[in-house]
Amino acid sequence: MTRRAFDTIIRGGKTVTNGAVLRADIALADGKIAAIENTIEDRADTEIDARGKLVLPGGVDTHCHIEQISGAGLMNADTFETATRSAAFGGTTTVVSFAAQHPRHKMRQVVEDYATRARRGALIDHAFHMIVADTSDGNLSTDIPALIAQGHRSIKIFTTYAKVRQDDKSILDIMTTARQHGALVCIHAENNGLIGHMTDQLLAQGNTAARYHAASHPREAEIEAIDRMCRFADFTGARVMIFHVSTREGADIVRKARARGITVSAETCPHYLFMTADVLLGDDPARFMCSPPQRDADDQLALWDALGDGTLQLVTSDHAPYRMDATGKFANGPDAPFNQIANGMPGLETRLPLMFNAMVSEGRMDVAAFVNITATAPARAFGLKGKGEIAVGYDADITIWDPEREVQYGSNDLHDNVGYNPYEGTQVKGWPVQVLSRGETIIAGDAVHGKPGRGKWLPMTA
């Protein structure tokens, strides 16, 4: 009998392949999954005993702000090295972050600048969304179509924030260009007028503290903007994805739009599933400021229902890291009003353990649904070939989970550069104990083995 040549065999674990859960041996060769069989009789240089463990595809997180300069000109806390290290410790092996354009910048140069940062530091594979702030000077007519052709097939737009938001005509122009050239338009959907109105009202009343952030972003702002973006998608025929849906009404708008045949997909994030706006009433509320803000318990129930019925297809981190000091949240001073405090929280490392605990350990859904929502569906949505599945021929991006291990998060126990954990005190059951990227072990226990810069850029194929 001819022996097959494998680099690694992972033995005896349970895996998810083609939506089915089965016990199998998995063989790896040349960075790919080479065989999935009940028992592999061959031997390999490296053998991993996964008995009692789950052998799942590495997570795919398609919404991360990494080494990014905000619209206010503030560099966030994480480099590609620190962010992707943190992602890997949390079981994620692929990220899609942002190449953030600012007014008067050329989109081609913006993408190259971010690619240079990633080549220098990324431990895992990655792709980029193009944040479009300026459609003039050939950006929309020339640069963006050329970048789409190169594989940068995702465009991010904002309907709010003064320095980056697009007006309705520009949004329609961008959607039309995306449809013509085969790109997906991802949307931060909040009504700018409603936010501006409420912000002015609150500040005029002297309500300047961070606790008032949620009131400055009323749920009606999300509801109106999601509805308008779905109608624009219908009008232009563009494919769109609504980012970070936080409200019951927002999810229902997406549900109804999909039922009408509009090509809209949508995601939510752990902070909407596991936090409510009450977090802003406690100590250090700036830690929890994000946009849209957290909502209430009824919205959480609605979001879980929307994940269950497929209205929401993905759960992403929206990792937006700022330190709790003058380099981050308090760049405008320790007593800055809420509208001058940087928005965002770390989430790359906590996304998968939080979701595994809620979906698998607590029984909301099964492990196959967990894999789909956190790995397979994100990879397919953005055409990340070879990612998000345990299948022969796919990249050997694998996370081995101990489903019985229990961990309580501490105050500053993440591997990023942010300095705090917003889920301090939260207990999770189910933990990533070994992570492989293209067949190479990059995390084992508490040790990192992956080298900065080993990650590869991924073209989007859909």
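The values are calculated or read from the model by the stated rules, or taken from the named source; none is laboratory data. Just so we're clear, the structure is a prediction, and the values are computed from it rather than from any experiment. Every residue, glycine among them, receives a Cβ derived from its backbone with ideal geometry; neighbour counts consider all protein chains shown. Each accessible area value is taken on the protein alone, full model and side chains, heavy atoms only, with ligands, DNA and RNA left out. Shrake-Rupley method; radii C 1.70, N 1.55, O 1.52, S 1.80 Å.
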- line: Scanning the stretch 47-91 for residues that are in a helix (DSSP H, G or I), open to solvent by 10 Å² or more (accessible area, probe 1.4 Å) and of a type in the set (S, T, N, Q) gives T82
- prompt: For the stretch 334-352, how many residues are open to solvent by 20 Å² or more (accessible area, probe 1.4 Å) and farther than 26 Å from T92 by Cα?
  reply: 5
query: For the stretch 299-313, does any single residue satisfy the condition of being under 22 Å from T199 (Cα atoms) and of a type outside the set (A, V, I, L, M)?
result: no
query: From the list L348, L352, which one is closer than 25 Å to I48 by Cβ, in a loop (DSSP other than H, G, I, E, B), in contact (Cβ under 8 Å) with a residue 24 or more places away in the chain and not charged (D, E, K, R)?
result: L348
- line: Output for Cβ contacts, cut-off 6 Å, separation at least six or different chains, first residue surrounded by 20 or more Cβ atoms within 10 Å (Cβ to Cβ) in the stretch 205-216, second modelled with pLDDT under 95 and among the hydroxyl-bearing types (S, T, Y), reads none
task: Consider only pairs whose beta carbons are under 8 Å apart and that are at least six residues apart or on different chains; among these, list those whose first residue lies in the stretch 255-277 and is over 22 Å from V60 (Cα atoms) and in contact (Cβ under 8 Å) with a residue 12 or more places away in the chain and whose second residue is open to solvent by less than 10 Å² (accessible area, probe 1.4 Å) and of a type in the set (F, W, Y).
output: none
- prompt: Considering A44, A24, A5, which residue is open to solvent by 50 Å² or more (accessible area, probe 1.4 Å), more than 28 Å from T350 (Cβ to Cβ), among the small types (G, A, S) and touching a residue at least 12 places away in the same chain (Cβ under 8 Å)?
  reply: A5
- prompt: For A297, all conditions in the list (1) closer than 24 Å to F382 by Cβ; (2) without any contact (Cβ under 8 Å) to a residue 40 or more places away in the chain hold save one; what is the number of the exception?
  reply: (1)
Matching residues, the stretch 180-201, being in a loop (DSSP other than H, G, I, E, B), crowded, with 16+ Cβ neighbours inside 10 Å and within 22 Å of the chain's Cα centre (by Cα): A183, A189, E190
task: Spot the failing condition for L280; the list is (1) buried (at least 18 other Cβ atoms within 10 Å of the Cβ); (2) free of Cβ contacts under 8 Å to residues at least 60 places away in the same chain, and only one is missed.
output: (2)
- request: Could you tell me which residue of the stretch 367-405 is farthest from L307 (Cα to Cα), considering only residues that are in a loop (DSSP other than H, G, I, E, B) and in contact with a helix residue (DSSP H, G or I) (Cβ under 7 Å, 6 or more places away or on another chain)?
  value: K387
- prompt: Within the stretch 27-41, how many residues are touching a residue at least 60 places away in the same chain (Cβ under 8 Å) and in a loop (DSSP other than H, G, I, E, B)?
  reply: 2
field: Enumeration of residues in the stretch 436-461 that are farther than 16 Å from R85 by Cβ and exposed (fewer than 14 other Cβ atoms within 10 Å of the Cβ)
entry: P459, T461
query: Which one of these is out of contact with any Gly (no Cβ under 9 Å at 6 or more places or on another chain), more than 21 Å from W457 (Cβ to Cβ), open to solvent by less than 10 Å² (accessible area, probe 1.4 Å) and not aromatic (F, W, Y): T177, T142, T135, T159?
result: T159
field: Residue satisfying all of: in the stretch 268-283; assigned to a loop (DSSP other than H, G, I, E, B) and at pLDDT 95 or above; farthest from T208 (Cα to Cα) among these
entry: C269
- prompt: If you scan the stretch 236-257, which residues turn out to be outside any loop (DSSP other than H, G, I, E, B), open to solvent by 10 Å² or more (accessible area, probe 1.4 Å) and not aliphatic (A, V, I, L, M)?
  reply: T236, R239, R248, E249, D252, R255, K256
task: With the condition kept exactly as written, say whether any residue in the stretch 426-444 is charged (D, E, K, R), in contact with a helix residue (DSSP H, G or I) (Cβ under 9 Å, 6 or more places away or on another chain) and within 18 Å of L123 (Cα to Cα).
output: no
